[in-house]
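Visitor: Have a look at this one.
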């Protein structure tokens, strides 16, 4: 039976170090504060917001949520977002994306202060992640994948990894984090020929394409470590990942559930990034 | 016998379009100008400088070379480099790197105007290349690889590529350019286990690790397309690539010579980037 890599267990493993760092920063007279910027009220944004509040409460940290109307104009959005970034009492800024309407993602990426960019959207942090520089902020999801593997003792050194999906919030930055950890990384996508063969030949498979059931029995071996980053709504109305869990889990070495895997760790990585950001601003 | 992919042939193929674009820009009253910034007088910098002058002369374009003393201090360097960038008559800036002494590469990357950054060193352009956005400037060497493959009719769509080497001037940006062209890219390096098997299973192998003889007969098949980005000084005092050309060339489908392959096309890509930069500044 495969080892189940659970986000909650890894999050519990991070808690002590987070509380110690929080106490150390408070000892310098700083109260780390996260600002969440939400435009409108999309269901998945609200769900993520609840998750953040719960995690941060559990750590005794404050979250400020700034809600902007869904029909806000570009100029007003830019001004509000610049104001949040400029607030000296705010150490980290998380903007829920994709932005609704025609709002410019590029503007937001340009406006965000790289030192407060706890979800790694600024070009400065993207370039650092691309270059393998440890001081950059990576987006929280790839950060959570790295932390989950670390918690479960999966070394990346010299391992082969197939990353399916090339988004800028998951696949691409994760490939670079894994490369920095000396994995040999293959970036796969919808145009990849024979994805199943590529996955079978890899030690670790990361499914991050946003397509339910993309990774099935044909993509795995008994040595496979399977990480599922996907969050999709299944036909039965339940959340599911990109991996056909029922089919793959009996066949592999280690696997993450959805929900309860990578997603359950994202908010802990967000908290860690906020503490790093607060340190940078001392 | 393998097809030899020659940089000079691809450069000749680019010349007409470059001259047409140059004429179009001149028609707008702009004289595109490249500024080359060299610190000290390293042999390989001088060789590249001669190559640039020759190519630009052949196109009827001017090059201005700014030479700074090898022992220049950081503040003086930053000031000079900012001055070059600020000159409204300069449309593109190429800084020879690595910088000598303790001069900060990060400072230079921060100072360069992203619109004049014809060798893709600015974080803004790195992030664009990372994200697969066509408007970014990639470094000239990976740009030359893409152009060489295009000239010789090697499609990347759906192909598997092994890139050996993960530098920020070759391997990493090239992997992203190839990913944007829908190749399935595996990033390999010194920690990769069984590099030869990874290379043999790929349609295209790019050697960009800076290690002479790294790719030999064990890494190729009769279908292999081999691109050699390496420039090393061989034991015999002659330039050689990362590929053992004598060993590999009889066995493969297509291959680049060194010298005369990718390196011979770099200055044409630099000229194209300069013209793109000049367009952006009209």
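Visitor: Select from region B:193-208 the residues that are surrounded by fewer than 24 Cβ atoms within 10 Å (Cβ to Cβ) and either at pLDDT below 95 or within 11 Å of chain A (Cβ to nearest Cβ) (or both) and write down the one among them that is farthest from residue B:220 (Cα to Cα). Spell out how you get there, then give the answer.
Guide: Kept after step one, since they are surrounded by fewer than 24 Cβ atoms within 10 Å (Cβ to Cβ), are these residues of region B:193-208: B:193-198, B:200-201, B:203.
Filter once more, so that each one left must be either at pLDDT below 95 or within 11 Å of chain A (Cβ to nearest Cβ) (or both): B:193-195, B:197-198, B:201, B:203.
Working: B:193: 16, B:194: 13, B:195: 11, B:197: 9, B:198: 10, B:201: 9, B:203: 9 Å.
Going through the qualifying residues, I end up with B:193.
Visitor: Then there is this: Somewhere in region B:85-96, is a residue within 14 Å of chain A (Cβ to nearest Cβ) and either closer than 23 Å to residue A:109 by Cβ or assigned to a loop (DSSP other than H, G, I, E, B) (or both)?
Guide: At the first step, the residues of region B:85-96 found to be within 14 Å of chain A (Cβ to nearest Cβ) are none.
No, there is no match, as no residue in region B:85-96 is within 14 Å of chain A (Cβ to nearest Cβ) and either closer than 23 Å to residue A:109 by Cβ or assigned to a loop (DSSP other than H, G, I, E, B) (or both).
Visitor: What residue, of A:208, A:181, A:202, is touching a residue at least 40 places away in the same chain (Cβ under 8 Å) and under 20 Å from residue A:7 (Cβ atoms)?
Guide: Values: A:181 fails: touching a residue at least 40 places away in the same chain (Cβ under 8 Å); A:202 fails: under 20 Å from residue A:7 (Cβ atoms).
The match here is A:208.
Visitor: Here's another thing I want to ask about it. Could you tell me whether residue B:73 is modelled with pLDDT under 95 and either farther than 30 Å from residue A:165 by Cα or buried (at least 24 other Cβ atoms within 10 Å of the Cβ) (or both)?
Guide: It is false that residue B:73 is modelled with pLDDT under 95 and either farther than 30 Å from residue A:165 by Cα or buried (at least 24 other Cβ atoms within 10 Å of the Cβ) (or both).
Visitor: Within region B:163-177, work out how many residues are at the interface with another protein chain (Cβ under 9 Å from one of its Cβ atoms) and surrounded by 21 or more Cβ atoms within 10 Å (Cβ to Cβ). Spell out the reasoning first.
Guide: To start, the set of residues in region B:163-177 that are at the interface with another protein chain (Cβ under 9 Å from one of its Cβ atoms) comprises B:166, B:168, B:172-173, B:175-176.
Imposing the further condition that a residue be surrounded by 21 or more Cβ atoms within 10 Å (Cβ to Cβ) reduces the set to B:166, B:172-173, B:175-176.
Residues that pass the stated criteria total 5.
Visitor: While we're here: Would you check which residues across region A:98-119 are within 13 Å of another protein chain (Cβ to nearest Cβ) and either surrounded by fewer than 24 Cβ atoms within 10 Å (Cβ to Cβ) or not in a loop (DSSP other than H, G, I, E, B) (or both) and list them? Reasoning before the result, please.
Guide: Filtering region A:98-119 for residues within 13 Å of another protein chain (Cβ to nearest Cβ) gives A:105-106, A:109-110, A:112, A:114, A:117.
A:105, A:106, A:109, A:110, A:114 - these are the residues of region A:98-119 that are within 13 Å of another protein chain (Cβ to nearest Cβ) and either surrounded by fewer than 24 Cβ atoms within 10 Å (Cβ to Cβ) or not in a loop (DSSP other than H, G, I, E, B) (or both).
Visitor: Of the numbered conditions (1) more than 10 Å from chain B (Cβ to nearest Cβ); (2) under 18 Å from the mean Cα position of the chain (by Cα); (3) surrounded by fewer than 24 Cβ atoms within 10 Å (Cβ to Cβ), residue A:180 satisfies every one except a single condition; which is it?
Guide: If we test residue A:180 against (1) more than 10 Å from chain B (Cβ to nearest Cβ); (2) under 18 Å from the mean Cα position of the chain (by Cα); (3) surrounded by fewer than 24 Cβ atoms within 10 Å (Cβ to Cβ), just (1) comes out false.
Visitor: If you don't mind, there's one more thing I want to ask. For region B:138-161, what are the residues that are in a strand (DSSP E or B) and either surrounded by fewer than 24 Cβ atoms within 10 Å (Cβ to Cβ) or at the interface with another protein chain (Cβ under 9 Å from one of its Cβ atoms) (or both)?
Guide: The one that is in a strand (DSSP E or B) and either surrounded by fewer than 24 Cβ atoms within 10 Å (Cβ to Cβ) or at the interface with another protein chain (Cβ under 9 Å from one of its Cβ atoms) (or both): B:160.
Visitor: Scanning region B:7-34 for residues that are touching a helix residue (DSSP H, G or I) at 6+ places or on another chain (Cβ under 7 Å) and assigned to a loop (DSSP other than H, G, I, E, B), which turns out surrounded by the fewest Cβ atoms within 10 Å (Cβ to Cβ)?
Guide: B:30
Visitor: Is it fair to say residue B:190 is part of a loop (DSSP other than H, G, I, E, B) and away from chain A (no Cβ under 14 Å)?
Guide: no
Visitor: Scan region A:40-57 residue by residue and report those that are touching a residue at least 60 places away in the same chain (Cβ under 8 Å) and over 20 Å from the mean Cα position of the chain (by Cα).
Guide: A:40
Visitor: So is residue A:197 assigned to a loop (DSSP other than H, G, I, E, B) and either without any contact (Cβ under 8 Å) to a residue 60 or more places away in the chain or touching a helix residue (DSSP H, G or I) at 6+ places or on another chain (Cβ under 6 Å) (or both) or not?
Guide: no
Visitor: Considering (1) buried (at least 23 other Cβ atoms within 10 Å of the Cβ); (2) away from chain A (no Cβ under 14 Å); (3) closer than 25 Å to residue B:49 by Cβ, say which one residue B:243 fails and leave the rest.
Guide: (3)
Visitor: Separate question: Please go through (1) under 30 Å from residue B:114 (Cα atoms); (2) part of a helix (DSSP H, G or I) for residue B:282 and return the number of the only condition it doesn't satisfy.
Guide: For residue B:282, the exception is condition (2).
Visitor: As an exercise: evaluate residue A:132 against (1) crowded, with 24+ Cβ neighbours inside 10 Å; (2) more than 24 Å from residue A:40 (Cβ to Cβ); (3) more than 15 Å from the chain's Cα centre (by Cα) and give the number of the one condition it does not meet.
Guide: Evaluating residue A:132 over (1) crowded, with 24+ Cβ neighbours inside 10 Å; (2) more than 24 Å from residue A:40 (Cβ to Cβ); (3) more than 15 Å from the chain's Cα centre (by Cα) leaves (1) as the failure.
The values are calculated or read from the model by the stated rules, or taken from the named source; none is laboratory data. Since the structure is predicted, the reported quantities are computational estimates derived from the model, not experimental observations. Counting neighbours? That spans all protein chains shown, and the Cβs are built from the backbone with ideal geometry, glycine included.
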